[in-house]
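The values are calculated or read from the model by the stated rules, or taken from the named source; none is laboratory data. This is a predicted model, so every value here is computed, not measured. Using ideal geometry, Cβ is built from the backbone for each residue, glycine included, and neighbour counts are taken over all protein chains shown. When the accessible area is computed, the model is the full protein with side chains, heavy atoms only, and any ligands, DNA or RNA have been set aside. Shrake-Rupley method; radii C 1.70, N 1.55, O 1.52, S 1.80 Å.
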Amino acid sequence: MYFRILRDGDTGAVSYLIADLDVGECVLVDPRVKDAPLLAALLAEHALQLRWVLRTHQHDADGAATVEALRALGAPVVQGDAVSGADVPPDGEVLAFGNEHVRVWHTPGHTAGCLSYLWRDRVFCGGLLAIDACEDQPVPSEPEALWDSVVQRVFGLPSETLLFAGHVKQGRIVSTVLEERTAHPYFAARTRDEFLAAIAKLPRPHKSSRVAGRVGTRRASAYGAV
């Protein structure tokens with residue numbers, strides 16, 4: 001297997017490449033359009049065929065345009081938001097690549113259409129645990145659904161399950177279910193009502209200050225991981 005992490009040092013957005021090198025097939029999780037040349041080079045370097053583009057959530061002002069651009073990478077685009085060109089899978093759908101597969105979970109909360117992807121002992125959960133770390137969505141769009149997605153689904157996984165974020169302001173990209181259950185600043189040691197009260201106190205950004213689907217020229221950095 002081949003696993004690669006790409007993090008934008010300016011925005012904190014994180015993307016992932018997972019590949020079955022024996023078969024030569026892979027998936028991308030949360031790739032950014034601006035990283036397309038880098039991603040194409042990674043695929044060519046390892047002679048990989050892209051099977052799926054997996055998006056945990058969408059912030060784009062024009063989601064259809066972003067989906068179209070990502071489809072140019074050569075694979076179907078999977079996401080929870082129904083826009084032209086995207087595949088919206090049912091909860092529990094299994095997507096195969098090589099001898100591997102990922103399972104799709106509907107986990108709304110950060111945005112209404114959030115999906116998480118389970119692969120082996122890992123979950124790619126986008127912005128579910130970010131709370132205030134995503135510059136495009138500094139306040140969860142559906143706090144009640146977010147609580148249910150995290151506490152009832154993600155925290156119900158084995159304690160050693162690895163959680164990979166879609167946004168990281170500072171610190172580590174990966175944590176574990178046990179760590180987040182016991183130490184997450186918003187979920188740990190709180191009741192549902194206490195969580196909702198804490199979210200209600202977060203500052204609401206002005207609509208004019210929220211930039212959706214930024215297309216910049218910043219370069220992403222690539223890191224290997226195990």
Single match in PRO138, PRO108 (criterion: part of a loop (DSSP other than H, G, I, E, B), at pLDDT 95 or above and surrounded by fewer than 22 Cβ atoms within 10 Å (Cβ to Cβ)): PRO108
From the list ALA41, ALA86, which residue is surrounded by fewer than 16 Cβ atoms within 10 Å (Cβ to Cβ) and either hydrophobic (A, V, I, L, M, F, W, C) or free of Cβ contacts under 8 Å to residues at least 40 places away in the same chain (or both)? ALA41
Those residues of the stretch 14-38 that are buried (at least 18 other Cβ atoms within 10 Å of the Cβ), among the small types (Gly, Ala, Ser) and farther than 19 Å from LEU118 by Cα come to a total of 0
Tally up the residues in the stretch 44-63 that are over 18 Å from ASN99 (Cα atoms), of a type in the set (A, V, I, L, M) and open to solvent by less than 50 Å² (accessible area, probe 1.4 Å), please. 0
Note: among ASP132, ASP91, just one is surrounded by fewer than 21 Cβ atoms within 10 Å (Cβ to Cβ), without any contact (Cβ under 8 Å) to a residue 24 or more places away in the chain and farther than 19 Å from LEU162 by Cβ, namely ASP91
If I filter the stretch 76-89 for residues that are farther than 14 Å from CYS26 by Cβ and assigned to a helix (DSSP H, G or I), do I get at least one hit? no
Is the stretch 64-76 home to any residue that is under 21 Å from LEU42 (Cα atoms), open to solvent by less than 40 Å² (accessible area, probe 1.4 Å), free of Cβ contacts under 8 Å to residues at least 40 places away in the same chain and under 16 Å from the mean Cα position of the chain (by Cα)? yes
